[in-house]
Structures are given as structure tokens and as C-alpha cells.
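Have a look at the structure below, then the notes.
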Amino acid sequence: MVRKLSRQEAKDVLLGCAILGTGGGGSLITGCRTVDEDYGAGLCYELIPLEETEDDGYYTSPYNCGSISDVDERDPFFSYPMEAKRPTVNAVKALEEFTGKAMSGVVSIEYGGGNTAQAFTTGAHMGIPTVDADAAGRAVPELQFSTFYVKEQPISPLSVATVIGETAVFNHIPDDARAEALVRSLSVVSGKTVSMSDHLITGKNLKFSVIPDALSYAEKVGRASRMAQEAGEDPVAAIVKAGDGWRLFDGIVSEDCSWYDEGGFTCGTIEIDGIGNDEGNHFKVWFKNENMILWKNGEPWIVCPDMICLVETGDANPVLNPRWYKGMAVSGLGFRCHEMWRSERGLGILNPGFFGFDYNWTPIEEVLA
């Protein structure tokens, strides 16, 4: 049964997605602003269970792709008029026009305050629901890091749209890695971000290719954090309980952390000195848009595909890369990745070795046992 989300429920979903987004997935502030704009205009976000999708209906994932650092307003791209307020809608419409197939719904490609909001707003503007599912169960830096790829569902045809009104459709792309190279290149010359619509898929195939109930799970986490804050309780503890995760450490960002943009990605490290029960321990996080490797006292500790999430210790606001500063009090949280990432094919796609680290993955629950 399709559920109409209240404005607060929609924001709880986005908060949970931002917390669980491992440092990426887009701006929660922007996502909540989108919610307010849409609901203020009389729109409503609708959520449909994965099992209720139409077997012969068509679904697609609209989202933004690019670097997560701030844009440079001196970029010549910004000399053009910004004509497209919802470029993801343009991307879906371009895909519909090219294929002749009307969409029955949209699917979140990854967790994030920004990208999950893009699925919601695109569906609302097109009058179709968002599926209660996600194609990563976290945020991820590259297009091939999706459960669609784990389940060998094709990424093309895919469409790309920009805020200046451009659209393009790629009919056939050999694989997701090639799609990543193409789209990332377009983002570099388009103000660091392009909008997309990809993984055109029937409901029959969708049912085994994405993580079911993923947005409801994120909503549970976001609601727990909000309600704990409202009650004057510890929101970090509430998040861990609601998400069935672990509080890995509490600490203080110990120095101005280094980061850089390269090839359309934001990469860097965060150095953290433990406090309280973690005093005397030092932690380091490496990210490529999203947090991928966590060291404890110089030794690899928690690694992808399991989830490394940072929140501000006091209010549990998600810490997005690279928006942290020396002296920030943070709590490190850990969560199990979905079982699809733990399959042989899943681990062959998303693992420390992909990023150049010679580390083996050990399930987080075994590391922390």
C-alpha cells in the first residue's frame, strides 16, 4: 500500500539517510529545503513497498553525481543561465522520451540527505511514488558501487541533465565502470555536478536487485535521533539502538584535515584523538567522497563495505565530507553493510583493494566481538 509521507516523516528519512550516508550523499540542508519547497507547493512524497511494485512497470533511479566539495563560482559553466530547477526530472523525461516507456516509480540510488531527496522530489513532480528501497544502503563514490551492479542489471540506457537545461542520453554503455568515467567527466565541466537517470528496470527485476525497506530503516534512525534531541536524551545512543549499530569512539578532530579534489571526487583524511573512554587512542578516517577506511592507533580497524559514519557528539548532526574542522567533537558509528555487499560478487566490487589499500575485509561484528 502506498504511504503518503508527512513533511516531518520525509525529513526523518533524509536525516537517517544522511547519518547512514558515510559522509556523502549530498547536503541534508539542501534536501530539507527541497522538502519544504515541495510540500509548500502542495506536493507530497509517496512511498511504495518494494514487493508492491508492478512486475511489468518500469522504474529508474534519478540522482546527482559529482564532487561533494563547494563549487567555484568563477567556473565558466556558471556564466550560463540556470534554467533547470529540477534537472533530475529532465533526466527522467529524457529517458522516457528516448525509450518510449513511462515510469511507474523512482528508486533511491544511495543514502544521502541530497540524493534520496532527489528521488523523492523527482517522483513528486512526476506524480509517481518512490520505492521503499535503496541501491546501496549507504552512500558510495562511484556508479558501479550499486546493488544493481551486484545483481548484474544494466546501467544503460541512461540520461544526463544539467542545471543549464542540457540533456543527453547514452543508449549503450559496456559496463558501469565506463558509465562512471563518462558521467564523471561531464560533471567536471558542469559545475562539479550532473543529474542522472539510470538503471531502467522492470518491477520484476527490481525486486531482487535493491535493498528492501531501506528508506523505512533510515526513517527509523532519523526519527530516533530527532526524538532523542527533543526529549533531551543522547541522540547518538538513540541512533545506535535504532540502527542496530555500534558506537565506535568519541573524539576530537585533532588537526585541520587534508583533502583535495581529483577527477571529480573529494578525497582526504580526518585525524581524531579519542576522549572519555577512548582517551589515549587515535583514529584516522580516509574518504573518497564517502568514508571507506578507519584506522585505530595506526592499524586498519573497520573497512568498506561496512559503514563508517561520523556525527557531531552533542546533537548527532551528520558530519559530511569535507565539512569538519579542528576541535569538532565527533562520534564514530559503525553499521553492517547489507548482505548483498557480503556476497562474493559484492565484495569483489566494493573493498579496500579497489582504493589501493592492501587490507582484507573482516565483518564489523567480528572485529568488535
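The values are calculated or read from the model by the stated rules, or taken from the named source; none is laboratory data. Just so you know, these numbers come straight off a predicted model, no measurement behind them. No Cβ is skipped: glycine too gets one built from the backbone with ideal geometry, and neighbour counts run over all protein chains shown.
Within the group 83, 96, 110, which residue is under 15 Å from the mean Cα position of the chain (by Cα), outside the structural domain of residue 321 (by TED's automatic domain parsing) and of a type in the set (Asp, Glu)?
It is 110.
Return the total of residues in the stretch 329-353 being of a type in the set (A, V, I, L, M, F, W, C) and either in a loop (DSSP other than H, G, I, E, B) or in the same structural domain as residue 140 (by TED's automatic domain parsing) (or both).
Number satisfying all stated conditions: 2.
For the stretch 277-296, give me each residue that is at pLDDT 95 or above, assigned to a loop (DSSP other than H, G, I, E, B) and polar (S, T, N, Q).
281
So, in the stretch 137-152, how many residues would count as being touching a helix residue (DSSP H, G or I) at 6+ places or on another chain (Cβ under 6 Å), in a loop (DSSP other than H, G, I, E, B) and of a type in the set (S, T, N, Q)?
The total comes to 1.
Would you mind finding the one in 288, 296, 284 that is closer than 29 Å to residue 30 by Cβ, surrounded by fewer than 20 Cβ atoms within 10 Å (Cβ to Cβ) and either assigned by TED's automatic domain parsing to the domain that holds residue 32 or of a type outside the set (Val, Ile, Thr) (or both)?
After ruling out the rest, the residue left standing is 284.
Could you please find all residues in the stretch 299-330 being under 25 Å from residue 27 (Cα atoms), out of contact with any strand residue (DSSP E or B) (no Cβ under 7 Å at 6 or more places or on another chain) and acidic (Asp, Glu)?
The one that is under 25 Å from residue 27 (Cα atoms), out of contact with any strand residue (DSSP E or B) (no Cβ under 7 Å at 6 or more places or on another chain) and acidic (Asp, Glu): 315.
Could you grab me the full set of residues in the stretch 87-106 that are crowded, with 21+ Cβ neighbours inside 10 Å and not in a helix (DSSP H, G or I)?
The answer is 103, 105, 106.
Got at least one residue in the stretch 354-365 being among the charged types (D, E, K, R), in a loop (DSSP other than H, G, I, E, B) and in contact (Cβ under 8 Å) with a residue 40 or more places away in the chain?
No; the residues of the stretch 354-365 include none that is among the charged types (D, E, K, R), in a loop (DSSP other than H, G, I, E, B) and in contact (Cβ under 8 Å) with a residue 40 or more places away in the chain.
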